[in-house]
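J.: Take this structure first; my questions come after.
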Amino acid sequence: MAAAGLRLSYLPRSLSAVCAWPRLPSNWSPARSFGSGASAREQFLYTRPGLKSKIIDGKRIAEAVKAEVADEVSGLVSGGKRPPHLTAVIVGDDKASQIYVGNKMKAAEKCGLRATILKRDSSLEQNELLDILHQLGRDELVDGILVQLPLPPHIHEKTICNAVPPNKDVDAFHIDNIGHFCSGDPRFVPATPLGVLEIIKRLRVPTFGKNVCIANRSKNIGFTLATLLHSDGTGDATTLICHRYSNTLYLLP
Ligand SMILES: Nc1nc2c(c(=O)[nH]1)N[C@@H](CN(C=O)c1ccc(C(=O)N[C@@H](CCC(=O)O)C(=O)O)cc1)CN2
């Protein structure tokens, strides 16, 4: 189940957040590139005349991953086991969240998993949500649980993430799972960075000894992706996390 849980869910459509640093041409000068009142994006592009973008067909990769997970699940089922059961809890009416959860559940079903959505109104109290999670934790027919974020403002996100039983926490947002991940002994890995790593591996983008710049500093995405990419035997790259306050000069090769 852990392997299926890890590889499920979301694959980003593009890999724009990760790029190898290109070499600058010999006539490049900071004054020419930074002195024109250009936007941050223009400055970035001006300083990287050799940078070539490549659009990645994430959908094709996602289909291949789903087919492989479906094979694993059908192996379990033909061995007499029941299909793993993923339950998503969603609180409120956030449009994007509805779409994300719908897509995750469709993907799970396509892989042969049982998928359940528990949808609750935004007026749900924190204690009621905690009760739901305790019940799901005790339910032997539920293997994986995710609580879609964001939650309404009256619900404390960290309290909820830490109420998902760590052995069913497919998002790996529970503090125990963050600790396991950071100490190099992951039980689950957050889906988005794992999806990016999967794309890098499947496209055989070399990372060994490379410099990688990650344009995202969130704990669940940029930070986790940097950890994966610099880890021994996983990415073996040198990673730089940058954000809106990063000095663009740090990006020079
Ligand atoms: N329980 C969870 N809640 C939330 C998660 C999560 O992983 N688990 N992540 C986000 C929402 N989300 C998936 O649920 C999600 C949203 C956006 C992306 C992403 O990679 N976006 C790309 C654009 C991709 C595209 O081209 O469409 C980007 O922003 O650059 C990944 C995951 C919050 N809640």
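J.: Of these, Lys168, Lys158, which one is more than 18 Å from Ala88 (Cβ to Cβ) and within 15 Å of the ligand (Cβ to nearest atom)? Write out each step before concluding.
T.: Details: Lys168 fails: more than 18 Å from Ala88 (Cβ to Cβ).
Only one candidate qualifies: Lys158.
J.: In the range 231-248, which residues are farther than 14 Å from Arg217 by Cα and under 17 Å from the mean Cα position of the chain (by Cα)? Before you say what the answer is, go through the steps one by one.
T.: Keep residues of the range 231-248 that are farther than 14 Å from Arg217 by Cα, which gives 231-238, 247-248.
Ser231, Thr234, Gly235 - these are the residues of the range 231-248 that are farther than 14 Å from Arg217 by Cα and under 17 Å from the mean Cα position of the chain (by Cα).
J.: Could you pull out the residue among Gly195, Gly184 that is in a helix (DSSP H, G or I), in contact (Cβ under 8 Å) with a residue 40 or more places away in the chain and under 18 Å from the mean Cα position of the chain (by Cα)? Please lay out each step first, then the result.
T.: Working: Gly184 fails: in a helix (DSSP H, G or I).
So the residue among Gly195, Gly184 that is in a helix (DSSP H, G or I), in contact (Cβ under 8 Å) with a residue 40 or more places away in the chain and under 18 Å from the mean Cα position of the chain (by Cα) is Gly195.
J.: Do we find a residue being within 16 Å of the ligand (Cβ to nearest atom), touching a residue at least 24 places away in the same chain (Cβ under 8 Å) and part of a helix (DSSP H, G or I) anywhere in the range 114-125?
T.: no
J.: Surrounded by 20 or more Cβ atoms within 10 Å (Cβ to Cβ) and among the hydroxyl-bearing types (Ser, Thr, Tyr): which single residue out of Thr192, Thr159 fits that description? Before the answer, list the steps.
T.: Working: Thr159 fails: surrounded by 20 or more Cβ atoms within 10 Å (Cβ to Cβ).
Only one candidate passes the filter, namely Thr192.
J.: So how many residues does the range 213-243 have that are open to solvent by 10 Å² or more (accessible area, probe 1.4 Å), touching a strand residue (DSSP E or B) at 6+ places or on another chain (Cβ under 7 Å) and β-branched (Val, Ile, Thr)?
T.: 3
J.: Taking only pairs six or more apart or across chains, which ones have beta-carbon atoms under 9 Å, a first residue in the range 63-79 that is at negative phi, and a second residue that is assigned to a helix (DSSP H, G or I) and among the acidic types (Asp, Glu)?
T.: Between residues of the range 63-79 that are at negative phi and residues that are assigned to a helix (DSSP H, G or I) and among the acidic types (Asp, Glu), the close pairs are Val65/Glu198.
J.: Another question, then. Only one of Asp176, Asp185 is surrounded by fewer than 17 Cβ atoms within 10 Å (Cβ to Cβ) and modelled with pLDDT of 95 or more; which?
T.: Numbers: Asp185 fails: modelled with pLDDT of 95 or more.
When all the criteria are applied, what remains is Asp176.
J.: A further question follows. Would you say Cys111 is more than 30 Å from Pro152 (Cα to Cα), of a type in the set (A, V, I, L, M, F, W, C) and modelled with pLDDT under 95? I'd like the intermediate steps shown before the answer.
T.: Details: more than 30 Å from Pro152 (Cα to Cα): yes; of a type in the set (A, V, I, L, M, F, W, C): yes; modelled with pLDDT under 95: no.
Taking the combined requirement at face value, the residue does not satisfy it.
The values are calculated or read from the model by the stated rules, or taken from the named source; none is laboratory data. Every value quoted in this text rests on a predicted model; they were computed, and no experiment measured them. Positions of Cβ are generated from backbone atoms using ideal geometry, with glycine treated the same way; all protein chains shown enter the neighbour counts. With ligands, DNA and RNA removed, areas are computed over all heavy atoms of the protein, side chains included. Shrake-Rupley method; radii C 1.70, N 1.55, O 1.52, S 1.80 Å.
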